[in-house]
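Just below is one structure, and these are the notes that go with it.
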Amino acid sequence: MKGPLLLILTILLNTQFGGAVLSSCTYPPHKWCSSLDSAIKCGVFKQCLESNFTRSHDSADKVEVALYYESLCPGCRNFLVFSLFPTWLMLADIMTVTLVPYGNAQEKNVTGKYVFECQHGKEECLGNLIETCLLNMTDLAIPIIFCMESSTDVINNGQMCTKLYKPDLNWGDVMKCVNGDQGNQLMHQNALKTKALNPPHDYVPWVTINGEHTEDLQEKAMDSLFNLVCSLFKGEKPPACGGKQKRFKSLCHNE
């Protein structure tokens with residue numbers, strides 16, 4: 001049923017749009033194939049069909065990368081900005097990313113509400129909360145958090161970064177989560193996830209690969225997360241990993 005449906009959609013779209021590339025694309029590149037609407041608006045419907053067809057014939061599990069970190073930890077920021085985010089951009093088809101902002105924080109229950117003490121002070125607790133709420137509120141949280149962590153002021157650039165990547169997300173709603181019970185409970189969940197690590201974390205950034213942490217995996221992730229993900233993926237390697245690449249022969253002759 002899926003094959004004929006895609007064929008019908010292709011015919012309808014070619015008829016309606018004449019095969020032209022549309023100029024109404026407001027989605028970032030990694031979201032172009034996330035839905036029928038985005039593929040149409042960005043003029044990549046055919047390419048998305050081909051990509052989905054290839055992916056449907058590759059049953060290999062994605063490499064699961066989880067980062068346990070703190071929003072103002074210099075080492076965490078460097079790893080997220082210069083390693084994790086670029087790797088995710090290039091290898092999103094073969095990896096998943098889970099972010100857990102908490103790190104070396106401590107929590108205590110005070111009359112039914114959790115109070116957090118963070119390694120780099122109250123500002124870091126606020127940054128952890130903002131990023132936690134973003135992760136719960138939008139699937140564009142990763143690029144927003146990258147934007148924040150790569151800036152000179154993580155906290156004060158949160159609103160600008162959100163507007164850049166997710167303009168329809170109201171910043172007031174984000175802060176309502178941050179200052180309310182929802183954010184408090186979400187941060188408590190991050191605390192539980194961090195405390196459940198086995199082995200327990202000794203530092204941050206703390207990386208797990210497919211749910212596992214070893215010093216060898218950590219060292220390889222720090223050296224080159226990109227190479228590590230490529231080496232661990234069991235399916236057909238994508239072109240970025242040195243897999244099969246399409247050859248394009250298109251020449252502009254001197255007339």
The residue that is surrounded by the most Cβ atoms within 10 Å (Cβ to Cβ), considering only those in segment 140-154 that are without any contact (Cβ under 8 Å) to a residue 60 or more places away in the chain and not in a helix (DSSP H, G or I), is Ser151
Considering each residue of segment 187-228, count those that are open to solvent by 40 Å² or more (accessible area, probe 1.4 Å) and part of a helix (DSSP H, G or I), and give that number. 12
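Tell me whether segment 198-219 contains one or more residues that are in contact with a Gly (Cβ under 9 Å, 6 or more places away or on another chain), aliphatic (A, V, I, L, M) and touching a residue at least 12 places away in the same chain (Cβ under 8 Å).
At the first step, the residues of segment 198-219 found to be in contact with a Gly (Cβ under 9 Å, 6 or more places away or on another chain) are 201, 203-206.
Subset that is aliphatic (A, V, I, L, M): 204.
Still in the list and also touching a residue at least 12 places away in the same chain (Cβ under 8 Å): 204.
Yes, that holds for at least one residue.
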Residues satisfying the stated conditions in segment 91-120, i.e. open to solvent by less than 10 Å² (accessible area, probe 1.4 Å), assigned to a strand (DSSP E or B) and of a type in the set (A, V, I, L, M, F, W, C): Met95, Val100
Looking at Leu80, is it crowded, with 21+ Cβ neighbours inside 10 Å, modelled with pLDDT of 95 or more and assigned to a helix (DSSP H, G or I)? yes
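Among the listed residues Asn227, Asn179, Asn254, Asn198, identify the single one that is out of contact with any strand residue (DSSP E or B) (no Cβ under 6 Å at 6 or more places or on another chain), more than 29 Å from Cys125 (Cα to Cα) and modelled with pLDDT of 95 or more.
Numbers: Asn179 fails: more than 29 Å from Cys125 (Cα to Cα); Asn254 fails: modelled with pLDDT of 95 or more; Asn198 fails: more than 29 Å from Cys125 (Cα to Cα).
Testing whether each residue is out of contact with any strand residue (DSSP E or B) (no Cβ under 6 Å at 6 or more places or on another chain), more than 29 Å from Cys125 (Cα to Cα) and modelled with pLDDT of 95 or more leaves just Asn227.
The values are calculated or read from the model by the stated rules, or taken from the named source; none is laboratory data. Quantities reported herein were computed from a predicted structural model and do not represent experimental measurements. Ideal geometry is used to build each Cβ from the backbone, glycine not excepted, and the neighbour counts take in all protein chains shown. What goes into the accessible areas is simple: the full protein's heavy atoms, side chains included, and nothing from ligands, DNA or RNA. Shrake-Rupley method; radii C 1.70, N 1.55, O 1.52, S 1.80 Å.
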